[in-house]
Structure formats: C-alpha cells, structure tokens
1. For PHE110, what is the net charge nearby, where nearby means another residue's Cβ is under 14 Å from its Cβ and Lys, Arg count +1, Asp, Glu -1?
2. Work out Dmax and Rg for region 99-179 from the C-alpha atoms and quote the Rg first, both in angstrom.
3. Which of the residue pairs LYS130/LYS152; LYS95/LYS152; LYS212/LYS236; LYS196/LYS225; LYS181/LYS212; LYS130/LYS225 have a Cα-Cα distance greater than 25 Å in the structure shown?
4. Can you pull the accessible area of MET167 for me, 1.4 Å probe, Å² to the nearest 10?
5. Calculate, for region 134-246, the solvent-accessible area per residue in square angstrom, rolling a 1.4 angstrom probe over the heavy atoms of the protein chains.
6. Residue-wise, which Karplus ³J(HN,Hα) couplings in Hz belong to region 117-130, taking 6.51 cos²θ - 1.76 cosθ + 1.60, θ = phi - 60°, and x for glycine or proline?
7. Counting only protein heavy atoms and using a 1.4 Å probe, what share of the accessible area of region 176-225 belongs to carbon plus sulfur, as a whole percent?
8. Relative to the compact-globule scaling 2.2 N^0.38 Å, provide the ratio for the alpha-carbon radius of gyration of region 143-240.
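The values are calculated or read from the model by the stated rules, or taken from the named source; none is laboratory data. Computed from a prediction, not measured in an experiment: that's the story for all the values here. As a convention, Cβ positions derive from the backbone with ideal geometry for all residues, glycine included, and neighbour counts pool all protein chains shown. Side chains included, ligands, DNA and RNA excluded: accessible areas come from the protein's heavy atoms. Shrake-Rupley method; radii C 1.70, N 1.55, O 1.52, S 1.80 Å.
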Amino acid sequence: MQDSLQAQSRTSSVYLAADKLGLGVLLYAYATLLGAIYIFGYWRAIGFDVFPYASSIDYISAPLNRLLVLVSVPILFSFVLFSQSDRKDGNFIVKLSGYLILLYSVSFGFDYYRAVMAFFGNKFHYENEKSVLVLALVLFAASVGISYRIYKHDKSIFTCVAALVLMQLAGTVSAGYRDGKAVFNGAANVFFLDNKDICEPNGIIDWVYLGKFSTKSFFLNTIDKRLCITEAGSYKLSPQKFAEGL
C-alpha cells in the first residue's frame, strides 16, 4: 500500500513538472511572438527586413524595455484584482480577462492613433509600410469580435485568452511602428554613434543606433536615412542631447 502511494506521489510530481515545463515553453513562445511582432512594426517603419539577421533570443532581448512597459501595467492591474478577490474560479478569470481586454483596447487606441498620425504626417513611405496599420486593425477587430462572443454566450477561458492575446498583439505592433517612425523622424531619446568612421570614413553626419541582432549592429543616417550594418566589436554611444551639446 505504501509503495502504491509513493508511486502515485512520484507520478503526480512528474505530471506537475511537465505542466510547469509546458507553461514555461508556452510563455517563452508567447514572449517571442510579442517581440517578433514589435520588431516587425518597428523595422517596417524604417523600410528594412531585419529578420534574416535576428536569432531567437533577439526577439525577446531587442525590444525588452518597450515590451516591459507594454505589459507591466496590465500585469500589475491583474495582480491587484486577483489579490483582492475571494473568488479564484473560472468566472473570476473571465471577468479579469474582460478588464484586461478593456485596458489593452484603450492602450491600443492611443498607440494606433499615434501610429496613424505618424504615417499621414509624412509624405514619404516605404513599400508595404501601411501593412502594419492594416495588421493592427485586423488583430484589434478579431479581438473585439471574440470579446463580443464572450459577452453573448461563450465565456470559456480559452476564448478569453484568445481575445486578450489578439488585443495585446494589436497594441504591440502599433507601438512598434510608432517607435520606429519616431526614430526615423528624429526622436529626442535616440543614441548617436560617437565614432562615425565605423559607418562612414571621415563622415560628419550623425548615425542613430537602431539595435543589435546577433553579431551585427544597425545604425541609421540622420540625413539621407541610409543604413549602416557593422560587426564592429566595440563602439561608444551618446544620448542625442549630449551629442548635440544640448
């Protein structure tokens, strides 16, 4: 009898470890998806396909700071609600998902509006640049459609998660495009390459740091918008206000 109980305990431990492993893999895959769609929006505004240069870890590390901003408020919001609730059942999770979907829809509206204004505020656009705005709108519409289905009759956790994921993806791709367009147009919080010779011998025009993927670093010329791709092992960056003596 004791041996049987020990065997059941070991089996339960194995299943619990498998569940945790599965959840970890799922969260990593979702973080990678968020990073990839952010990078897609960001680099589409610059007119360059950076994915051939990116490794799997770059999808998370490259936009890490921005993604933390995008998800930190909803995570904090959900934690507060969950900690103050006496009900930890499926109904509460459905309600919590509804609050998060609403919060993300507001965030999406803000980022999407800024992205649209950035698009129409420039006469020059790269090919397929508007596809980012279309994709964001499609993801948002799909999330709204699923949310309506939840409101009417289907209150399963799966549909709630699907609506939340689609809404978060819509906001992330919009934020990525808005950030990329801001850098392209000369955002104030960019960093300049100190040693301009790395990108252009005897050059005098500033180069904006765009990011590093695998072994290659990417810079954007501030005047003619040329890209510099280098494998330079070390270089120094300065905030724009310091580089311009502001």
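1. Combined, the nearby Lys, Arg, Asp and Glu give 0.
2. Looking at region 99-179, its Cα Rg and Dmax stand at 13.8, 46 Å.
3. Cα-Cα > 25 Å for LYS130/LYS152; rest within.
4. So the heavy atoms of MET167 present about 0 Å² to solvent.
5. 52 Å²
6. For region 117-130, the Karplus curve yields 5, 5, 5, 6, x, 10, 6, 8, 9, 6, 4, 6, 5, 5 Hz.
7. Heavy-atom surface of region 176-225 belonging to carbon and sulfur, 1.4 Å probe: 53 percent.
8. For region 143-240, the normalised Cα radius of gyration comes out at 1.64.
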